[in-house]
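Working notes, beginning with the structure itself.
The values are calculated or read from the model by the stated rules, or taken from the named source; none is laboratory data. Since the model is a prediction, treat every value here as computed from it, not as a measurement. No Cβ is skipped: glycine too gets one built from the backbone with ideal geometry, and neighbour counts run over all protein chains shown. When the accessible area is computed, the model is the full protein with side chains, heavy atoms only, and any ligands, DNA or RNA have been set aside. Shrake-Rupley method; radii C 1.70, N 1.55, O 1.52, S 1.80 Å.
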Amino acid sequence: MTETRTLSLAEIEDLSFRALVAAGTSEKSARALALATAATEADGVASHGLAYIPIYCEHVRCGKVDGKAEPILARPRPGVVAVDAATGFAHAAIDLGFETLVPAAREQGIAVLTIRNSYNCGVLGYHTFRLAQEGLVGLGFTNAPASIAPSGGAKPVVGTNPFSVAVPGTDGQPALLIDQSASTIAKSEVMKHAREGKPIPIGWALDGDGNPTTDPEVGLKGSMAPSGGYKGVGVALLTEVMAAALTGATLGINASPFSGTAGGPPRTGQCFIAIDPGVTSGGGFNAIVSELVEAIRFQEGAHLPGDGRRSRRLAARGDGVAVNAATLARIDALLT
């Protein structure tokens, strides 16, 4: 049985912040990433939470990410916000971009934020969630180092490339939150199984010849299985266009891995679109979304995307989060 310790969200944020600063990250970037880490743990997405802090610290120290980078914002058009992350953490670049994106979307009805020369942005839904809290429909895309092969092929060309849609509700929380990768499972889950020496289920990854495997190490050397076959590849290609081509970032086939120390900064990208639904719907948005949500929630056994995170988040605020003790030991070692 895996040993765990229960930490409050404030303790998770503090531990993350101190480890990142100790590794050479600026306090501003460390705080943005620490807040996201605590929120991710509260949402129950442990694979992207504290487990990533030792990796982030390693990447700061080896130069894969510039912990002290200052993102640069430009406004090429009234509805376009462009941020160069300068090979720093994506979170600080996204924070800077949102400061301009949100008021631009409210003023014009729609606005887009593009980010290039970036790094792993963690859980994409964490960022679109914040747009929904502002009353905006938030769409997000982020590309990643190539790990999915095209249909009929065996050599990875596109990353797991998540997309996210967050729809505002009437209580200050998203009524609907979709956050999914183009692969059957996030690559970080396969990496987690590899670290723990556990087999992966059939359908998560493929070997170098494109055959299913239960060995996470073999899968990491092969490719990730696309969700829904060729349809998952299509989602990955869509995200590649949105997050790499539209932003001027690096394609997944040219990006260095998010794991390990080789290859230098990945220089990947993110794209966010914020839409004011009151402007586009003529005032009917909330009623229509409520009807849609109720049609799912009132159906026995049905699952509404985002509901699980909502309930876990509420529980975490009062009860804290059970964190893997081995992960905490790795982080503690960074601080001694």
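Taking the centroid of alpha carbons for each part, the stretch 68-142 and the stretch 264-288 are 11 Å apart. In terms of the mean number of neighbouring beta-carbon atoms within 10 Å, the peptides 210-218, 196-204 order highest first as 210-218, 196-204.
Taking all Cα-Cα distances within the stretch 149-300, those exceeding 27 Å account for 38%. Taken about its Cα centre, the stretch 1-151 carries a charge dipole of roughly 380 debye when the Cβ of each Lys and Arg holds +1 and the Cβ of each Asp and Glu holds -1. Extension gain for Arg195 to Ser281 (0.36 nm times residue separation, less C-alpha to C-alpha distance): 26.2 nm. Counting only protein heavy atoms and a probe of 1.4 Å, the accessible surface of the chain is 55% carbon and sulfur.
Note on the chain: with charges restricted to the Cβ of Lys and Arg (+1) and Asp and Glu (-1), its dipole about the Cα centre is near 540 debye. When the Cα centres of the stretch 12-34 and the stretch 289-336 are compared, how far apart do they sit, in Å? Distance between centres, Cα-based: 22 Å. Largest GNM mean-square fluctuation among Ala74, Ala186, Ala92, using the chain with Cα springs under 10 Å: Ala74. Extension gain for Glu300 to Glu27 (0.36 nm times residue separation, less C-alpha to C-alpha distance): 93.6 nm. By the combined test of axial Cα extent (at least 20 Å) and Kyte-Doolittle hydropathy (mean at least -0.5), the qualifying DSSP H helices of the chain come to 9-23, 27-42, 90-108. Ligands, DNA and RNA are left out, and with a 1.4 angstrom probe the accessible area of the chain is 44 Å² per residue. On the beta carbon distance between Asp215 and Arg77, with R0 = 41 Å, the FRET formula returns roughly 0.25.
Going by accessible surface with a 1.4 Å probe and the largest first, Tyr56, Tyr230 read Tyr230, Tyr56.
Calculated from the structure at hand, P(r) over Cα pairs in 10 Å bins from 0, in percent is found among (1) 6, 25, 35, 27, 8, 0; (2) 6, 27, 37, 23, 7, 0; (3) 5, 20, 21, 17, 17, 12, 6, 2, 1, 0 as (1). Per-residue ellipticity at 222 nm from helix content only, as computed over the chain with -39500 (n - 2.57) for each DSSP H run of at least four residues, stands at -12500 deg cm²/dmol. Here the extension length gained between Leu292 and Glu70 equals 75.7 nm, from 0.36 nm per residue of separation less the Cα-Cα distance. Past 23 Å, Cα to Cα: identify those pairs from Lys155/Lys187; Lys28/Lys64; Lys64/Lys221; Lys155/Lys231; Lys187/Lys221; Lys28/Lys192, in the order given. Lys28/Lys192, as the Cα separations exceed 23 Å there.
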